[in-house]
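The values are calculated or read from the model by the stated rules, or taken from the named source; none is laboratory data. No experiment lies behind these values; they were computed from the predicted model shown. Every residue, glycine among them, receives a Cβ derived from its backbone with ideal geometry; neighbour counts consider all protein chains shown. When the accessible area is computed, the model is the full protein with side chains, heavy atoms only, and any ligands, DNA or RNA have been set aside. Shrake-Rupley method; radii C 1.70, N 1.55, O 1.52, S 1.80 Å.
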Amino acid sequence: ASALRVNAVLTNLNLRFNHIGPEGGVAISKALAVNGVLTDLNLFDNNIGPEGGVAIGKALAVNEVLNVLDISRNDIGPEGGLAIGEALAVNAVLTVLNLFDSSIGDVGAMALASALRVNGVMTDLNIGGNEISDEGATAIA
């Protein structure tokens, strides 16, 4: 991820189906916090877990260029969902977010719902397969 911190031309990075784990998720998040050109990042099925999810959320709060993020099937849990929801409340560029099957539950759904009340750019949000109950669904609705 150190190369991503300084790269000024790469706009699309697809790391689907790898095993970067929480450590890799944190490393990618540090790069996202400073990278000024990457617009599309796919981390589908990388087992980044809650630690990686929280780190990605913190990076989204300061990133000003990423438009598309797929972190589906990463088991980021409610902690990751909460961090990403909090980031979306201040992020003004991310338009597509895929959190399918990431175990965010009601806590993550409610954080996303809160963010959507103030986020004016999100056009596509996938939160299917996240064990969201009536409470989370009501918040989203």
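How do V96, V34 rank by accessible surface area computed with a 1.4 Å probe, from largest to smallest?
V34, V96
Modelling each spin label as a point 7 Å along the Cα-to-Cβ direction, I'd like the T11/A137 distance in nm, to one decimal.
Label-label distance for T11 and A137, simple model: 3.9 nm.
Per residue, how much accessible area does the chain show when a 1.4 Å probe rolls over the protein heavy atoms, in square angstrom?
Heavy-atom accessible area per residue stands at 47 Å².
Zone of N67 (label point 7 Å along Cα→Cβ, backbone N under 19 Å): which residues in the range 1-25?
The answer is 8-15.
Summarise the accessible area of the chain (1.4 Å probe, protein heavy atoms) by the percent that is carbon and sulfur.
Answer for the chain is 53 percent, counting heavy atoms of protein chains only.
How big is the antiparallel share of DSSP beta bridges in the range 1-130, given as a percent to the nearest 5?
0
Can you pull the three principal axis extents for the Cα set of the range 9-95, in Å, largest first?
Projected onto the principal axes, the Cα atoms of the range 9-95 cover 26, 25, 19 Å.
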